[in-house]
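Report on the following structure.
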Amino acid sequence: MSLFDMTGQVALITGSSRGIGKATAEAMAEQGAKVVISSRKQDACDATAAEINARFGDGTAISVVANISSKDDLQNLVNATRAAFGKITALVCNAASNPYYGPGLGITDDQFRKIMDNNILSNHWLITMVAPEMLERGEGSITIISSIGGLKGSPIIGAYGISKAADMQVARNFSVEFGPRGVRVNCIAPGLVRTDMARALWENPENLKRSTAASTLKRIGEPHEIAGAAVFLASKAGAFTTGQTIVCDGGATISGGA
Ligand SMILES: NC(=O)c1ccc[n+]([C@@H]2O[C@H](COP(=O)([O-])OP(=O)(O)OC[C@H]3O[C@@H](n4cnc5c(N)ncnc54)[C@H](OP(=O)(O)O)[C@@H]3O)[C@@H](O)[C@H]2O)c1
């Protein structure tokens, strides 16, 4: 059997109607997992779940609306997943927000709090809702989609970077707490990926050239190129990996850009 096989697993992925979350759901379904598609929009979730069911068989995917800002929505998402599939074996905290671009001196308290709430607190909520059943079973994998923004200083996306750095610490802390009972917790830190969230950085060819100039591969990443790391972490292939941040960035963080 493939090291990456996910047959028998149930993966709950937030923000999976499009972008990196959708690619992750598709890749996990391809490896045999049942998947839960979630975002703020029912229609978009239904469409993605239908696509996955058409490709991988009816009953592979369900869709459940949930805004990560709402603890009640997240509890409903967890409850609906358990009602449909009986358990959650792989949790991917993928959805995030960045409502502010600009200098740290200009951010409002509301914008700062929104970023911390959606990108850190919501992940903490979801993990505390899902982890107990994993700990009881003695296995499970939790992955937070962080960002290389959490590894570098920035004059434009500073608060987002703070939240993404905190996600790496959330993974380290819970890895220490859960590791003795068989549950692994990791982050993936993508570089620039061709999704709606980063559209301003790649849609215009000049911007794209500037955005990728400092990477060694000199190109933008595609959502499925992040999904592979998520499958690795959720499957047997990642069984000895915990508390880590896997950087998938085309070499952007290791290059001086020369
Ligand atoms: N793209 C990049 O270059 C890049 C780089 C580094 C890290 N990341 C990280 O990768 C993750 C995924 O981003 P992406 O680039 O794939 O973005 P995307 O293509 O814009 O997709 C975002 C997904 O999250 C959902 N979403 C947004 N706000 C939500 C909320 N409040 N509650 C629930 N769902 C919500 C969206 O659906 P609705 O709008 O319908 O809710 C959509 O399904 C994020 O954590 C992001 O920080 C992205």
*asked:* Quick check for me: using +1 on Lys/Arg Cβ and -1 on Asp/Glu Cβ, what's the dipole size of the chain about its Cα centre, in debye to the nearest 20?
replied: 420
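Sorted by packing (mean other beta-carbon atoms within 10 Å per residue), highest first, where do 205-211, 49-55 land?
Numbers: 205-211: 12.0, 49-55: 16.7.
Answer by packing, highest mean first, reads 49-55, 205-211.
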*asked:* Quick one: 3J(HN,Hα) in Hz for the stretch 25-31, Karplus 6.51/-1.76/1.60 with θ = phi - 60°, rounded, Gly and Pro as x.
replied: 4, 4, 5, 6, 5, 4, 8
*Taking the alpha-carbon centroid of each part, what is the distance from the stretch 234-252 to the stretch 86-140 in angstrom?*
18
*Based on the mean of other Cβ atoms within 10 Å per residue, sort peptides 8-16, 220-228, 110-118 so the most packed one is first.*
8-16, 220-228, 110-118
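Would you mind calculating the gained length between ASP58 and ASN76 on full extension (0.36 nm times residue separation, minus the Cα-Cα distance), in nm to one decimal? Before the final figure, lay out each step's value.
Values: separation 18, 0.36 × 18 = 6.48 nm, distance 2.26 nm.
Full extension of this stretch gives 4.2 nm more.
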*ASN173-ILE156 pseudo-label distance in nm [points 7 Å out on the Cα-to-Cβ vector]*: 3.1
*asked:* If amide hydrogens are placed 1.01 Å from N in the peptide plane, which non-local residues have theirs closer than 5 Å to the one on VAL35?
replied: ALA11, ALA61, ILE62
_Near-label residues of the stretch 158-185 by backbone N, under 18 Å of a point 7 Å along Cα→Cβ of LEU135_ = 170-185
*Report the label-to-label distance for ALA237 and LEU217 in nanometres (one decimal), using points 7 Å from each Cα along the Cα→Cβ vector.*
1.4
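Report the calculated FRET efficiency for ALA83 and GLU206 (r = Cβ-Cβ distance, R0 = 41 Å), to the nearest 0.05. Intermediate results must be reported in sequence, preceding the final value.
Details: r = 49 Å, r/R0 = 1.20.
Here the calculated transfer efficiency is 0.25.
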*Under a 5 Å amide H to amide H cut-off, with H placed in plane at 1.01 Å, what residues pair with GLY140 once short-range neighbours are removed?*
ARG184
*Name the most mobile residue of ALA213, ALA189, ALA229, meaning the one with the largest mean-square fluctuation, in a Gaussian network model of the chain with Cα contacts below 10 Å.*
ALA213
*What nm value, rounded to one decimal, do you get for the distance between ARG113 and SER255 when each label is placed 7 Å out toward the C-beta?*
4.1
*For the stretch 10-255, what size does the Cα cloud have along each of its three principal axes, sorted from largest down, in whole Å?*
47, 38, 35
*Mind listing the long-range amide H neighbours of VAL193? Cut-off is under 5 Å, sequence gap 5 or more, other chains count too, H placed in the peptide plane at 1.01 Å from N.*
GLY221
*asked:* Restricting to lysines 8 or more places apart or on different chains, can you count the pairs in the chain with Cα atoms under 21 Å from each other?
replied: 18
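Every number here is computed from the coordinates shown, using simple stated rules; none is lab data. Just so we're clear, the structure is a prediction, and the values are computed from it rather than from any experiment. Backbone-built Cβ (ideal geometry, glycine too); neighbour counts: all protein chains shown.
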